[in-house]
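The values are calculated or read from the model by the stated rules, or taken from the named source; none is laboratory data. Note that this is a predicted model, so its numbers are computed, not measured. Because the Cβ atoms are built from the backbone with ideal geometry, glycine has one as well, and the counts that use them run over all protein chains shown. Each accessible area value is taken on the protein alone, full model and side chains, heavy atoms only, with ligands, DNA and RNA left out. Shrake-Rupley method; radii C 1.70, N 1.55, O 1.52, S 1.80 Å.
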Amino acid sequence: MILLSIHNLSLPIEDPVLKFLLVLIIILAAPLLLNKIKVPHLLGLIIAGAVIGPNGFNVLARDSSIVVTGTTGLLYIMFLAGLEIDMGDFKKNKWKSLTFGIYTFAVPFVLGYLGGYYILHFSVLTSVLFASLFSSHTLIAYPLVSKLGISKNLSVNITVGGTMITDILALLVLAVIVGMSQGEVGTEFWVKLSVSFIVFALIVLVIFPIIGRWFFKKVDDKISQYIFVLVMIYLAALLAELAGVEAIIGAFFAGLALNRLIPHTSSLMNRVEFVGNAIFIPFFLISVGMLIDFSVFFKSWETIAVAGVMLVASIGGKYFSAVATQKTFRLTKEEGKLIFGLSSASAAATLASVMVGYNIILSETETGEPVRLLNEHVLNGSILLILVSCTISSFISMSSAQKIAESDNEDTVSGDNHEEENILLAINHEETVERMVNLGILIKAHSNTENLTALNVINEDKNESSVKNAEKLLHKATDSAAAADVKIQAIKRYDNDVVNGINNVIKEQNITDLIIGLEDEKGFSPAFVYNLYNGYLQNDNANVLVYHAAQPLSTIKKYAVMIPENAHKEAGFFHALLRVWNIARNSGATIVFYTPENILSILQRIIKKANIEAEFIIMKTWRDGEKTASELKEDEALILFMAKKGMKSFIPQMRLIPELLNRKLHDNNYLLIYPFSDFDKDNSERRSVGNHDDFMEIGNVIKKIFK
């Protein structure tokens, strides 16, 4: 009783602490309870919102605090969809996305118009706006699909791209209908709408990346970087509203603009997804549930009739569109179901259009009742549509996504053999630790979340200062990896010689890749060059990667990859090439290959199976490559395939590369890759790759080429 009196408990609850606590309990309990009965927690959050909302038990009011946080969640969903889209896949499949966008806009629109005009007897203007409600869709199940690791699947890529198209078209219809209802549609209206939208798109897609690249170069603070992302989301949303379209289009465009600046494997991406999926998106789902009022369907048969037409037009239209897309592009049955599941949910744009139409009063009756563009029956029907469509979307998406994920996991390149990928970071300088960890995360296989090792070798007496320094460096490495949700094994080793200590760990830990970081000021010092050629490169079991970072990985626009003659004949070449592929896939940067003609033909055959943005230039002489390297721009980086003496791809000029890099590329990122040379039968089996995400596209092609 004391507690009740202190908080003055009355419904709806107004105490902010109690309100937030209740919402957090719902967010916590929904996945734990519903996963056991195979019900998507997204649906559980919507139902929970209906139960506690003003139309349920009125425990919580749908006040400004819920609306603001829920709006952020809605923008977050669209932002993540744009952020996680694979731009290489998107460009490759843009016509597929356009086709699906036309299907999923036109079919529900036609069904909605026919139902509104001929069955419900709406006016032409109302019927057009009514029809547009079903053309758009909200990617409410996208977080679920992304969590299963299939966000790069072709069907997901097509659906995300199509969402942008159909939502823009639907919201443009809304803008036009609002203008016509107010008598403002004319040449001036169309010119203003077109110009404002083009200006908005140019600002977000051109200026935002420039601002973002500058910010990430200047600011290292992790919290500030995340807040910057939120600022970009809301700024783009505001600009979209000023341009005459809905805020969700701005959030999606913001995701596209920052796509290349937030690598998919980075700690910033992990924070963006974590906060969104933990707080903002669940708040949005609960806020949607609060709109649901089941009692209205027992009060009016007209409401039920309108809701029936809406459900048939929306769900039926989306299903037909998904099937048409599946048949057109010969997708699998499960991929077709996933397209339907993702696109069947109506929430964001539908709700926006309904509320705008409901608030437009065309005239008044003799009794003073307002005649609205969309009446209360459409408003109530839209709430049922949101509940039913989100339910269908959640179940269908979860079912099909799980089957696709299981199929992907089973479909490996080498049958039962799996690559034992172990990456070793030889850390010795504090300034290079985070950079090396970021590179290790970028080049690793997507499924490899544990096989990273950080090593510090203590070659002095076991004095307290050297031990503390080693522990400090290793702690920083583990913290940096943990921020990206990646485990890293820390090893502190005592040895009389640092190089011998590292080479011994390579053998003991079955290391496949050794990463060594260069200090900014020293670069290739004489001592480092000596240790490189007479120490690190003497191991025949692992690729050696020498890394120099002058700026964050996320700000690199293009990588120039130079491959010498006969490099493809080295035992570790294709294993090393996979690292380059992962850099391209995880960062979204463009890769420009400079290679001899015979290697170029191999890469071009491989690229057909690997969706990265790549260009190919024939490098006739090594001197041509050196000239290209020395002319790199500020936001461009160099990846150079090297060789030690005695290897088939070795040329004497390689000895001069360290001096060239010190003189010409001090302010650029560069990565030197020395592929391993020894390749016995046991190593061959160890190197065989069995990871669908990383080598599925290129492994089969490589095997066919060298069969």
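Scan region 212-226 residue by residue and report those that are farther than 16 Å from E434 by Cβ and surrounded by 12 or more Cβ atoms within 10 Å (Cβ to Cβ). Passing the criteria: G212, R213, F215, Y226. Determine if region 183-200 includes at least one residue that is open to solvent by 20 Å² or more (accessible area, probe 1.4 Å), of a type outside the set (G, A, S) and either touching a Phe, Trp or Tyr at 6+ places or on another chain (Cβ under 6 Å) or closer than 30 Å to W581 by Cα (or both). No.
For region 583-633, the set of residues classified as part of a strand (DSSP E or B), over 26 Å from R655 (Cβ atoms) and modelled with pLDDT of 85 or more consists of T590, I591, E615, F616, listed by residue number.
Being open to solvent by less than 50 Å² (accessible area, probe 1.4 Å), within 27 Å of N270 (Cβ to Cβ) and modelled with pLDDT of 80 or more narrows it down to one residue among V128, V156, V173; which is it? Show your work before the answer.
Details: V128 fails: within 27 Å of N270 (Cβ to Cβ); V173 fails: within 27 Å of N270 (Cβ to Cβ).
Within the list V128, V156, V173, the selection yields V156.
Selection of region 211-225 for residues being assigned to a helix (DSSP H, G or I) and within 23 Å of L80 (Cβ to Cβ) yields I211, G212, R213, F215, F216, K222, I223, S224, Q225.
Let me confirm something: among F200, F228, F208, which residue is aromatic (F, W, Y), over 19 Å from I168 (Cβ atoms) and either in a helix (DSSP H, G or I) or in contact (Cβ under 8 Å) with a residue 40 or more places away in the chain (or both)? The unique qualifying residue is F228. The numbered conditions (1) open to solvent by 10 Å² or more (accessible area, probe 1.4 Å); (2) modelled with pLDDT of 85 or more; (3) among the aromatic types (F, W, Y); (4) within 29 Å of the chain's Cα centre (by Cα) are all true for F100 except (1).
If you check F109 against the conditions, is it part of a helix (DSSP H, G or I), closer than 25 Å to I360 by Cβ, touching a residue at least 40 places away in the same chain (Cβ under 8 Å) and open to solvent by 40 Å² or more (accessible area, probe 1.4 Å)?
Details: part of a helix (DSSP H, G or I): yes; closer than 25 Å to I360 by Cβ: yes; touching a residue at least 40 places away in the same chain (Cβ under 8 Å): yes; open to solvent by 40 Å² or more (accessible area, probe 1.4 Å): yes.
Yes.
Look through S393, S400, S382, S346 and report the one residue that is within 16 Å of S127 (Cα to Cα) and modelled with pLDDT of 75 or more. Just one listed residue meets the conditions, S382.
Note on region 488-515: among residues that are in a loop (DSSP other than H, G, I, E, B) and at pLDDT 85 or above, the one that is most open to solvent (accessible area, probe 1.4 Å) is Q509. Considering (1) in a helix (DSSP H, G or I); (2) open to solvent by 10 Å² or more (accessible area, probe 1.4 Å), the lone condition that F57 does not fulfil carries the number (1). Against the numbered list (1) in a helix (DSSP H, G or I); (2) open to solvent by 40 Å² or more (accessible area, probe 1.4 Å); (3) touching a Leu at 6+ places or on another chain (Cβ under 8 Å), L291 comes up short only at (1). Remark: E613 matches the filter, which requires a residue to be within 31 Å of the chain's Cα centre (by Cα), within 18 Å of L578 (Cα to Cα) and open to solvent by 30 Å² or more (accessible area, probe 1.4 Å).
Checking each residue in region 473-500 for being touching a residue at least 40 places away in the same chain (Cβ under 8 Å) and under 32 Å from the mean Cα position of the chain (by Cα) picks out L473, L474, K476, A477, S480, A481, A483, A484, D485, V486, I488. A search for C-beta distances below 8 Å between a residue of region 557-568 that is among the β-branched types (V, I, T) and any residue that is open to solvent by 10 Å² or more (accessible area, probe 1.4 Å) and modelled with pLDDT of 90 or more, counting only pairs 6+ apart in sequence or on different chains, returns V561/Y594; I563/Y594. For region 537-566, the set of residues classified as surrounded by 23 or more Cβ atoms within 10 Å (Cβ to Cβ) and in a helix (DSSP H, G or I) consists of S554 only.
Just name the residue that is farthest from F280 (Cα to Cα) out of those in region 231-259 that are without any contact (Cβ under 8 Å) to a residue 40 or more places away in the chain and among the aliphatic types (A, V, I, L, M).
Looking at residues that are without any contact (Cβ under 8 Å) to a residue 40 or more places away in the chain and among the aliphatic types (A, V, I, L, M), I get L239.
For I599, the criteria (1) open to solvent by less than 30 Å² (accessible area, probe 1.4 Å); (2) closer than 30 Å to A257 by Cα hold in every case but one, which is (2).
Filtering S155, S194, S151 for residues that are in a helix (DSSP H, G or I) and within 28 Å of the chain's Cα centre (by Cα) leaves a single hit, S155.
For region 516-531, the criterion of being open to solvent by less than 10 Å² (accessible area, probe 1.4 Å), under 23 Å from V580 (Cβ atoms) and part of a helix (DSSP H, G or I) is met by none of the residues. Within region 349-379, the set of residues being among the charged types (D, E, K, R) and modelled with pLDDT under 70 comprises E366 only.
L148 - would you say it is at pLDDT below 90 and open to solvent by less than 60 Å² (accessible area, probe 1.4 Å)? It would help to see each step written out before you state the result.
Details: at pLDDT below 90: yes; open to solvent by less than 60 Å² (accessible area, probe 1.4 Å): no.
Taking the combined requirement at face value, the residue does not satisfy it.
Restricting region 112-125 to residues that are of a type outside the set (V, I, T) and assigned to a helix (DSSP H, G or I), the residue that is most open to solvent (accessible area, probe 1.4 Å) is Y118.
For N417, are the conditions met, namely being in a loop (DSSP other than H, G, I, E, B), at pLDDT below 70 and of a type outside the set (K, R)? I'd like the intermediate steps shown before the answer.
Details: in a loop (DSSP other than H, G, I, E, B): yes; at pLDDT below 70: yes; of a type outside the set (K, R): yes.
In short, yes.
Filtering A251, A278 for residues that are open to solvent by 30 Å² or more (accessible area, probe 1.4 Å), at pLDDT below 90, within 30 Å of I25 (Cα to Cα) and part of a helix (DSSP H, G or I) leaves a single hit, A278.
In the set (1) under 17 Å from L439 (Cβ atoms); (2) more than 31 Å from the chain's Cα centre (by Cα); (3) among the hydrophobic types (A, V, I, L, M, F, W, C), the condition left unmet by A589 is number (2).
Hey, can you tell me all the residues within region 64-100 that are without any contact (Cβ under 8 Å) to a residue 12 or more places away in the chain and over 21 Å from A278 (Cα atoms)?
So the first thing to find is which residues in region 64-100 are without any contact (Cβ under 8 Å) to a residue 12 or more places away in the chain, and the list is 64, 68, 95.
Answer for region 64-100, where residues must be without any contact (Cβ under 8 Å) to a residue 12 or more places away in the chain and over 21 Å from A278 (Cα atoms): just W95.
Listed residues S466, S480; which is of a type in the set (S, T, Y) and either surrounded by 19 or more Cβ atoms within 10 Å (Cβ to Cβ) or touching a Cys at 6+ places or on another chain (Cβ under 7 Å) (or both)?
Values: S466 fails: either surrounded by 19 or more Cβ atoms within 10 Å (Cβ to Cβ) or touching a Cys at 6+ places or on another chain (Cβ under 7 Å) (or both).
After applying the criteria, what remains is S480.
In region 35-54, of all residues being at pLDDT 85 or above and open to solvent by 10 Å² or more (accessible area, probe 1.4 Å), the one that is farthest from M398 (Cα to Cα) corresponds to P54.
Only one residue in N438, N503 is more than 28 Å from S554 (Cα to Cα), in contact (Cβ under 8 Å) with a residue 12 or more places away in the chain and out of contact with any strand residue (DSSP E or B) (no Cβ under 7 Å at 6 or more places or on another chain), so which one is that?
Details: N438 fails: more than 28 Å from S554 (Cα to Cα).
Just a single option satisfies the conditions, and that option is N503.
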